[in-house]
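Encoded as structure tokens, the structure appears first; notes follow it.
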Amino acid sequence: MENVRVRFAPSPTGYLHIGGLRTALYNYLFAKKHGGKFVLRIEDTDQTRFVDGAIENLIRSLHWAGIDYDEGVVIDENGKVSQKGDFGPYIQSQRLDLYRKYVDELIEKGYAYYCFCGKERLDDLREMQKAQGKIPKYDGLCRGVSLEDAKKRIAAGEEHVVRLKMPKNKNLEFDDLVRGHISINSDDVDDQVLLKSDGYPTYHLAVVVDDHLMGISHIVRGEEWISSTPKHVYLYEAFGWEKPTFVHLPTVLNDQRKKLSKREGDVSVEDFKKSGYLAPGLVNYLALVGWSPEDNKEILSLKEMEEMFDFDRVSNAGGIFDRNKLDWVNAHYMKELSGQDLYELAQPYIIEAGLVDEETYKAKKDWMIFLLQTVQGSVSTLKEIPQAISFAFEDLGDLGPEEKEILQGQTVPQLLQALEEKVSAIEDFNFDQAKGLMKSIQKETGIKGKNLYMPTRIVLTGLQHGPELANILYLFGKDKILERIRKFK
Ligand code: GLU
């Protein structure tokens with residue numbers, strides 16, 4: 001495919017929704033697959049929704065996820081919002097003159113008109129239509145105002161907007177790569193406001209003008225925009241511009257088939273990061289919510305996806321976001337982390353949990369890495385690490401009834417005696433010795449299997465199950481092992 005140019009066009013409303021990340025990801029993958037360009041544009045024409053710092057937040061979230069782009073809004077080396085690329089500005093509030101120019105063109109050509117209806121009239125109209133069981137829609141009153149009169153009223157300072165003049169009974173059609181052919185009759189489409197009374201364009205005008213001027217070949221966005229697309233299709237026609245290819249993605253749903261919402265927990269990329277997911281794990285899983293590769297492989301690197309991705313394998317039904325599956329995918333990436341990466345990534349979670357202070361974390365780096373690698377295979381997220389390693393820091397709490405009973409076993413006193421003797425006799429307690437310890441006790445005492453391992457584990461950690469015993473022995477070291485054994489003798 002030639003000249004693929006796609007864009008992700010979020011509004012800076014505060015955070016990047018996980019569904020938005022998936023939209024960005026599919027755009028990115030499609031651009032990569034076809035050697036195209038990916039643009040990040042900020043759609044901030046709704047000034048009432050603007051949130052300070054939201055642009056920076058969006059960019060940081062994309063960056064964390066490993067999704068980079070060729071043009072658009074970036075953060076420069078001084079931490080300031082800046083822009084790169086030949087089609088800028090990429091922030092809509094910096095393009096107001098442009099929209100004005102295009103809206104004037106539509107008015108001149110008769111595709112748009114000034115509307116002076118106030119809020120009160122529009123509210124009454126809506127109520128009346130609703131009461132009649134009709135879908136609320138502007139009734140076109142100001143279509144009757146001549147351009148000359150309209151200009152006079154504007155000159156006299158009357159508040160106004162500009163509306164798109166939808167044609168009567170016209171089929172507005174487009175082909176969507178996921179949803180197929182779509183046709184809507186213009187009689188069912190509202191005379192959309194294009195320019196608001198504050199001089200800002202609405203989303204509908206700005207998106208069409210920008211996608212055209214930025215040479216966008218494929219518009220890839222969430223399906224909540226599909227009902228707006230006929231208006232856009234008509235705008236392309238009114239301007240005499242070739243329309244791009246449309247791709248509307250299924251919504252990311254929760255297990256109740258509703259849109260993921262803040263009330264139920266994690267929804268933003270930042271939330272998932274804080275919950276201890278790794279970027280490659282989150283991105284890998286998210287790609288599968290709505291898309292599957294030909295061989296149905298589930299563990300896929302970004303590179304692999306870049307080669308495989310296409311819209312023909314994107315489902316047109318909503319994709320369910322399954323947290324257990326995410327955990328499963330993330331656990332895979334957790335296992336792949338090097339000791340050093342694990343050490344760095346886990347640090348904030350461990351410090352926050354109060355298990356060690358920063359200084360100790362640094363001073364005992366090798367020990368920490370060994371400890372982290374001991375539990376690496378048993379956790380799904382970074383956030384689960386403090387709990388998994390807590391046995392190495394906390395005092396032994398009260399034993400549960402089952403554990404107490406196990407320690408009543410006949411061979412336990414002999415086992416503890418042998419353990420104490422053997423460990424006391426070791427001068428330099430290293431990992432090989434830790435590994436050999438239990439075997440030599442088995443040989444000497446004849447105690448084996450469950451009778452050997454369970455009581456030892458309980459004496460050391462208070463629990464019946466947990467990491468490799470040899471690792472625990474090594475991590476504890478001679479003094480701590482002896483201290484715990486003596487507690488139970
Ligand atoms: N600004 C819209 C949003 O916040 C973008 C819609 C589109 O991609 O056209 O989702």
Inset, instruction - Find all pairs meeting these conditions: Cβ atoms under 6 angstrom apart; at least six residues apart or on different chains; first residue within the range 466-483 and modelled with pLDDT under 95; second residue of a type in the set (S, T, N, Q). - result: 467/374
Inset, instruction - Could you please find all residues in the range 375-386 being touching a helix residue (DSSP H, G or I) at 6+ places or on another chain (Cβ under 7 Å) and surrounded by 13 or more Cβ atoms within 10 Å (Cβ to Cβ)? - result: 375, 376, 378, 379, 380, 381, 382, 383, 385, 386
Inset, instruction - Just one of (1) without any contact (Cβ under 8 Å) to a residue 12 or more places away in the chain; (2) of a type outside the set (Phe, Trp, Tyr); (3) under 27 Å from residue 268 (Cβ atoms); (4) not in a helix (DSSP H, G or I) trips up residue 324, so point out which. - result: (4)
Inset, instruction - Can you tell me which residue among 128, 166 is in contact (Cβ under 8 Å) with a residue 60 or more places away in the chain and over 18 Å from residue 197 (Cα atoms)? - result: 166
Inset, instruction - Considering only residues that are within 12 Å of residue 243 (Cβ to Cβ) and more than 12 Å from the ligand (Cβ to nearest atom), look in the range 203-220 and name the one that is surrounded by the fewest Cβ atoms within 10 Å (Cβ to Cβ). - result: 212
Legend entry - Index of the failed condition, residue 8 passing every other in (1) of a type in the set (A, V, I, L, M, F, W, C); (2) open to solvent by 20 Å² or more (accessible area, probe 1.4 Å); (3) within 12 Å of the ligand (Cβ to nearest atom): (2)
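Open to solvent by less than 30 Å² (accessible area, probe 1.4 Å), of a type outside the set (Phe, Trp, Tyr) and part of a strand (DSSP E or B): is that true of residue 103 in this structure? Working first, answer last.
Working: open to solvent by less than 30 Å² (accessible area, probe 1.4 Å): yes; of a type outside the set (Phe, Trp, Tyr): yes; part of a strand (DSSP E or B): no.
It is false that residue 103 is open to solvent by less than 30 Å² (accessible area, probe 1.4 Å), of a type outside the set (Phe, Trp, Tyr) and part of a strand (DSSP E or B).
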Inset, instruction - State which residue pairs qualify: first residue more than 9 Å from the ligand (Cβ to nearest atom) and aliphatic (A, V, I, L, M) and inside the range 221-246, second residue in a loop (DSSP other than H, G, I, E, B) and open to solvent by 50 Å² or more (accessible area, probe 1.4 Å) in any location, beta carbons under 7 Å apart, and separation of 6 or more residues or different chains. - result: 226/179; 233/243; 238/111
Inset, instruction - For the range 13-31, state whether one or more residues are more than 24 Å from residue 277 (Cβ to Cβ), of a type outside the set (A, V, I, L, M), touching a residue at least 60 places away in the same chain (Cβ under 8 Å) and within 13 Å of the ligand (Cβ to nearest atom). - result: no
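Which of the residues spanning the range 228-260 are modelled with pLDDT under 95, part of a loop (DSSP other than H, G, I, E, B) and buried (at least 18 other Cβ atoms within 10 Å of the Cβ)?
Step one: of the range 228-260, the residues modelled with pLDDT under 95 are 250-260.
Narrowing further to those that are part of a loop (DSSP other than H, G, I, E, B): 250-251, 254-258, 260.
Within the range 228-260, 250, 251, 260 meet the criteria.
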Legend entry - Any chance residue 461 is within 30 Å of residue 277 (Cα to Cα), in contact with a Lys or Arg (Cβ under 9 Å, 6 or more places away or on another chain) and either open to solvent by less than 90 Å² (accessible area, probe 1.4 Å) or at pLDDT below 95 (or both): yes
Inset, instruction - Please tell me if residue 346 is among the small types (Gly, Ala, Ser), on the phi < 0 side of the Ramachandran plot, out of contact with any strand residue (DSSP E or B) (no Cβ under 8 Å at 6 or more places or on another chain) and not in a helix (DSSP H, G or I). - result: no
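Only one of these is small (Gly, Ala, Ser) and closer than 30 Å to residue 337 by Cβ: 388, 418. Name it.
Values: 418 fails: closer than 30 Å to residue 337 by Cβ.
Just one listed residue meets the conditions, 388.
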Inset, instruction - Kindly check whether there is at least one residue in the range 275-283 that is within 16 Å of the chain's Cα centre (by Cα), among the hydroxyl-bearing types (Ser, Thr, Tyr) and not in a loop (DSSP other than H, G, I, E, B). - result: no
Legend entry - When residues of the range 32-44 are limited to those that are modelled with pLDDT of 95 or more and under 24 Å from residue 270 (Cβ atoms), the one nearest to the ligand (Cβ to nearest atom): 43
Inset, instruction - Could you tell me whether any residue of the range 187-202 is closer than 30 Å to residue 310 by Cα and buried (at least 19 other Cβ atoms within 10 Å of the Cβ)? - result: no
Legend entry - Neighbours by Cβ (under 9 Å, 6+ apart or cross-chain): first from the range 387-398, surrounded by 11 or more Cβ atoms within 10 Å (Cβ to Cβ); second hydroxyl-bearing (Ser, Thr, Tyr): 388/374; 388/378; 389/374; 391/461; 392/374; 392/461; 396/461
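Please work out if residue 47 is within 16 Å of the ligand (Cβ to nearest atom) and surrounded by fewer than 23 Cβ atoms within 10 Å (Cβ to Cβ).
yes
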Inset, instruction - State all residues of the range 399-445 that are out of contact with any helix residue (DSSP H, G or I) (no Cβ under 9 Å at 6 or more places or on another chain), of a type in the set (Gly, Ala, Ser) and open to solvent by 30 Å² or more (accessible area, probe 1.4 Å); if no residue qualifies, say none. - result: 425
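The values are calculated or read from the model by the stated rules, or taken from the named source; none is laboratory data. Since the structure is predicted, the reported quantities are computational estimates derived from the model, not experimental observations. Note that each Cβ is placed from the backbone with ideal geometry, even for glycine, and that neighbours are counted across all protein chains shown. Ligands, DNA and RNA are stripped out before the accessible areas are found, and what is left, the full protein with its side chains, is counted by its heavy atoms. Shrake-Rupley method; radii C 1.70, N 1.55, O 1.52, S 1.80 Å.
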